[in-house]
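The values are calculated or read from the model by the stated rules, or taken from the named source; none is laboratory data. It should be emphasised that the depicted structure is a prediction, and the values quoted were computed from it without experimental measurement. Glycine also receives a Cβ, built like all others from the backbone with ideal geometry; neighbour counts cover every protein chain displayed. Remember, those area values only see protein heavy atoms, side chains included, never the ligands or the DNA or RNA. Shrake-Rupley method; radii C 1.70, N 1.55, O 1.52, S 1.80 Å.
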Amino acid sequence: MRSVQALAVAVLFVLAISDVSYAAGEPKSGGIFRIYHRDSPGSASIHEGATYSLNVPFMPIFNNLVIFDQHIAQNSVSTIRPELAESWAWSGDNKTLTFKLRKDVKWHDGKPFTAADVKCTFDMLMGKSQQKFRQNPRKSWYDQVDEVTTNGDYEAAFKLKRPQPALLSLLASGYTPVYPCHVSPAEMRTKPVGTGPFKFVEFKANESIKLAKNPDYFKKGLPYLDGIEFTIITNRSTAILGFVSGKFDMTFPTEVSIPLLKDVKAQAPNAVCVVEPNNVSTNIIVNSTSPPFDNADIRRALALSLDRKAFIQIMFEGQGDIGGTMEPAPQGLWAMPKEMLESIPGYGPNIEQNREEARKLMQKAGYGPDKHLQLKVSTRNIAVYRDPAIILIDQLKSIYIDAELDVVDTAQWFPKVARKDYSLGLNLTGNAVDDPDQSFYENYACGSERNYTNYCNKDIEKLFDKQSEETDVEKRKKLVWEIDKKLQEDVARPIIFHARTGTCWAPYVKNITVMSNSSYNGYRYEDVWLDK
Amino acid sequence: MFAYIVRRLFLMLITLFGISVIIFVLLRVVPGNIVDILFAAAGYVDPADKANLERELGLNQPIVVQYLSWIGGLLHGDLGYSYVSEKPALDEILPRIPITARLAGLALLFSASIGIPLGVISAVHQGSRLDYALRVVSLSGLSLPSFWLGLLILMASVSMFGTMPIFNPNPKTWFEAFTIYAVPAAAVGFRSAALTMRITRSSMLEILRQDYIRTARAKGASEASVNYHHALKNAVLPVITVIGIEAAFLIGGLIVTETVFNIPGIARFLVEALRWRDYPIVQNLVMFIAVVVVVMNFIVDMLYAAIDPRIRFGD
């Protein structure tokens, strides 16, 4: 009898163990991962776009040389993992970055991946090859790369004009896949070929994007999913209802606003929802080349008038962050310390005192209770732009500015900004990588294509280079803080707030991690699985 | 009758030519083109890249050359390439036409099959509680925007049945296949049914007061015969006209309905193409819609002539 009991206990024990391992998440293969997509991307070529509407559906098709760990929310140099590269090494002078490449990788069309593909991709990005991208929005990322060389089929090296430790982070972004040499940029826009865990199946504009499992993926056993289907739903209410009713396994990443998140949780209480900062700042672009903002006092008054907490309270029910150019801590790696931030004019906690100072500056410039400054606040005709613009207009009233909303069609926004046909503009700036090199050079360097205000300060530019070359992280941080503080004091592009947004998925979707300091890098989905 | 048809066909051609010019010019008057949009999406403007892209897409050519190139292609069945998807415009447009046609056909069917009988009932029972109730229904139909009604239907479906009838290209059951078209068709057809109901009612009321109706009753004809044989036959003429006009207006209603129910038809596609300033798609789609409207009007006029001999003889 005892032996029977012992046997029963043993069986129960084994069952319990197997159940525990199952409950702990033994990945299951199969299933189609269904996500709704917020809009129809203009093409399928990640290198030719500058919106994460492209990264989310097409990042699973590709691989990078290196990539940020897909399961650590905070991207940093320490979370960079090899992908097409087996390893990498910096030269002693920090001017050459050499990658040893994997030998077992094939493109989806069966051709082998070699170092020539790496050279091709980056030559095109640097504008050095015969084949050209129709658009090349991140060309400036590689300004310090002198050339990319190969040594045989499985070694590629980036030779730099000067040390740039940030290059590795730029290469780890979702914006930096390696493209095949043998496929033209035009084909990559319509039928992309990659080495990644999923193969491109079809892209029907305004309808759907379908990807299928790559059975020859070089990471054996991956991906778990049979495929991923993105249904393009531009109407947000319909999309959310689709998720709630179970038609989709996940919302479009970082697309659920804080107020909407409550609805989702109320209607789908089992849904897993995560709110994270997305490293997108809402900021003001100031035309300092013509009146009234050619007057430094009025620019300073503008910076002093902002009640940033009010913006965050109204738009995100308090779930947003105040900071400078770099994403605020703790998710942001390069954020100024709180005391330093609050020492910048307009960032102090006493809003009324700030505004009193602003009113004095306005009076000095010839404005006052009897003579208000009339101007327009221009912005794009998109809700995330319009809503803060309206709050801004309301806040400007406190410093004798009567502003009117000037809503600009998307097609006209950049031409209008480029020809300086605005006084104040409300703008959003997304950062693909939480690194000062990406943010400073792109948005504030003299002559940069995305420096909409043409802010140009040669002294600060020297500091850009100094921090960019610095290999000691702590020293670099201090330089970055100094630069960020100066940019805010110069009212180069006053930052109002950094947003947070939500992502929800069904409880049976496993291995999803939402990045907390970029919304461009976390969509490889190679080990996502469905516990169904 | 032959001369009437020939004249109408000639007028159709002139109208279509006029429409083609208007579409073409209006599209170019709207500020911004696909290149502006692409660079706006990329967040930067590079004048050299922009000029290259404009040259590649032929947007740097004089407007007359662009127009002649489009019309020339159209006459040879070449609709050009979509600027966005870089696929032939015909391949983009053709698969979407049956989807919208099914939806529009069902909406019109809903409109006529609900609107005409209820309009007759309302007229025959003028002043009764039933008449008042039907008039409230018809006024509601005219007042409720179809996108709002569509969203309410979706919310109710999710809340009551835990699912919703949004588009699925591969429906699993015939019931799903039916609902993905029938529900949005009802949402968009409700307004049209309400209009049809009101027109039928007022037209019937006018006819029911005619002497020949009194004569029919005096001769002992049954109420059904008087209402449906004598009255409705004559009352239906303005209703046909309204349904014809509604068919043309339906495209406008379908834009929001296709968006709310996520149906990949031509109406929603047109809006997206307009947003991207995808000229080849917009021009050809609007031209297609214009042809449908002109042909629908032609058919309505022919029906009119077939039903009312005075029209063809008067002609």
Name the residues in the range A:200-221 that are out of contact with any Gly (no Cβ under 9 Å at 6 or more places or on another chain) and either open to solvent by 20 Å² or more (accessible area, probe 1.4 Å) or not in a loop (DSSP other than H, G, I, E, B) (or both), would you?
-> A:Glu202, A:Phe203, A:Lys204, A:Glu207, A:Ser208, A:Ile209, A:Pro215, A:Lys219, A:Lys220, A:Gly221
Does the range B:58-77 include one or more residues that are closer than 20 Å to A:Ser45 by Cβ and either open to solvent by 50 Å² or more (accessible area, probe 1.4 Å) or in contact with a helix residue (DSSP H, G or I) (Cβ under 8 Å, 6 or more places away or on another chain) (or both)?
-> no
Kindly indicate whether any position in the range A:357-371 is closer than 25 Å to A:Ala329 by Cα and touching a residue at least 60 places away in the same chain (Cβ under 8 Å).
-> no
Taking the range A:449-464 on its own, how many of its residues are open to solvent by less than 80 Å² (accessible area, probe 1.4 Å), more than 22 Å from the chain's Cα centre (by Cα) and within 30 Å of B:Ala40 (Cβ to Cβ)?
-> 5
Any chance the range B:47-62 includes a residue that's within 14 Å of chain A (Cβ to nearest Cβ) and within 32 Å of the chain's Cα centre (by Cα)?
-> yes
Checked against (1) within 14 Å of chain A (Cβ to nearest Cβ); (2) in contact (Cβ under 8 Å) with a residue 60 or more places away in the chain; (3) surrounded by fewer than 16 Cβ atoms within 10 Å (Cβ to Cβ), B:Asp91 satisfies every condition except (2)
Here the residues within the range B:271-309 that are within 14 Å of chain A (Cβ to nearest Cβ) and under 17 Å from B:Pro31 (Cα atoms) are B:Val271, B:Glu272, B:Ala273, B:Leu274, B:Arg275, B:Trp276, B:Arg277, B:Asp278, B:Tyr279, B:Pro280, B:Val282
Working only within the range B:110-134, note down all residues that are touching a residue at least 24 places away in the same chain (Cβ under 8 Å), among the aliphatic types (A, V, I, L, M) and open to solvent by 60 Å² or more (accessible area, probe 1.4 Å).
-> B:Ile114
Scan the range A:501-532 residue by residue and report those that are at pLDDT 95 or above and among the basic types (Lys, Arg).
-> A:Lys510, A:Arg524
A:Thr410 versus (1) crowded, with 16+ Cβ neighbours inside 10 Å; (2) in contact with a helix residue (DSSP H, G or I) (Cβ under 8 Å, 6 or more places away or on another chain); (3) farther than 24 Å from A:Pro292 by Cα; (4) away from every other protein chain (no Cβ under 13 Å): which is the lone unmet condition?
-> (4)
Test: A:Glu187 is farther than 30 Å from A:Phe243 by Cβ, over 24 Å from the mean Cα position of the chain (by Cα) and within 14 Å of another protein chain (Cβ to nearest Cβ) = yes
Output for Cβ contacts, cut-off 7 Å, separation at least six or different chains, first residue more than 7 Å from chain B (Cβ to nearest Cβ) and in a strand (DSSP E or B) in the range A:232-243, second open to solvent by 10 Å² or more (accessible area, probe 1.4 Å) and modelled with pLDDT under 90, reads A:Ile232/A:Asp39; A:Ile232/A:Asn206
With criteria (1) closer than 30 Å to B:Glu258 by Cβ; (2) assigned to a loop (DSSP other than H, G, I, E, B), A:Pro269 comes up short on (1)
Would you mind stating whether B:Phe167 is buried (at least 17 other Cβ atoms within 10 Å of the Cβ) and within 11 Å of chain A (Cβ to nearest Cβ)?
-> yes
Please determine, by comparing only the residues of the range A:38-57 that are more than 17 Å from A:Gly196 (Cα to Cα) and away from every other protein chain (no Cβ under 11 Å), which one is surrounded by the fewest Cβ atoms within 10 Å (Cβ to Cβ).
-> A:Arg38
Select the helices (runs of 4 or more DSSP H) contained entirely in the range B:222-315, then report the ones holding at least 2 residues which are out of contact with any helix residue (DSSP H, G or I) (no Cβ under 9 Å at 6 or more places or on another chain) and either open to solvent by 20 Å² or more (accessible area, probe 1.4 Å) or of a type in the set (S, T, N, Q) (or both).
-> B:309-314
Report yes if A:Ala403 is free of Cβ contacts under 8 Å to residues at least 60 places away in the same chain, in contact with a helix residue (DSSP H, G or I) (Cβ under 6 Å, 6 or more places away or on another chain) and open to solvent by less than 10 Å² (accessible area, probe 1.4 Å), otherwise no.
-> no
Any residue at all in the range B:52-72 that is on the phi > 0 side of the Ramachandran plot and either touching a residue at least 24 places away in the same chain (Cβ under 8 Å) or touching a strand residue (DSSP E or B) at 6+ places or on another chain (Cβ under 6 Å) (or both)?
-> no
With B:Ala193, B:Ala182, B:Ala221 as the choices, which residue is farther than 24 Å from B:Val256 by Cα and away from chain A (no Cβ under 14 Å)?
-> B:Ala221
Given the conditions (1) away from every other protein chain (no Cβ under 14 Å); (2) open to solvent by 40 Å² or more (accessible area, probe 1.4 Å); (3) within 30 Å of A:Gln438 (Cβ to Cβ), report the number of the one that A:Tyr224 does not fulfil.
-> (3)
The lone exception for B:Phe24 - which of (1) open to solvent by less than 20 Å² (accessible area, probe 1.4 Å); (2) free of Cβ contacts under 8 Å to residues at least 12 places away in the same chain; (3) away from chain A (no Cβ under 14 Å) it fails = (2)
Taking A:Asp117, is it farther than 25 Å from A:Phe198 by Cα and either of a type outside the set (Val, Ile, Thr) or in contact (Cβ under 8 Å) with a residue 60 or more places away in the chain (or both)?
-> no
Does at least one position in the range A:127-140 carry a residue that is within 12 Å of chain B (Cβ to nearest Cβ), loosely packed, with under 15 Cβ neighbours inside 10 Å and within 25 Å of A:Ser468 (Cα to Cα)?
-> yes
Within the range A:477-499, the residues that are buried (at least 21 other Cβ atoms within 10 Å of the Cβ) and of a type in the set (Lys, Arg) are A:Arg493
Please work out if B:Gln210 is over 14 Å from the mean Cα position of the chain (by Cα), farther than 30 Å from B:Ser69 by Cβ and not β-branched (Val, Ile, Thr).
-> yes
Does any residue of the range B:79-86 turn out to be within 9 Å of chain A (Cβ to nearest Cβ) and either part of a helix (DSSP H, G or I) or surrounded by fewer than 21 Cβ atoms within 10 Å (Cβ to Cβ) (or both)?
-> yes
A:Arg380 being at pLDDT below 95 and surrounded by fewer than 17 Cβ atoms within 10 Å (Cβ to Cβ) | no
Pick out the one residue from A:Ser439, A:Ser398 that is of a type outside the set (Asp, Glu) and more than 14 Å from chain B (Cβ to nearest Cβ).
-> A:Ser398
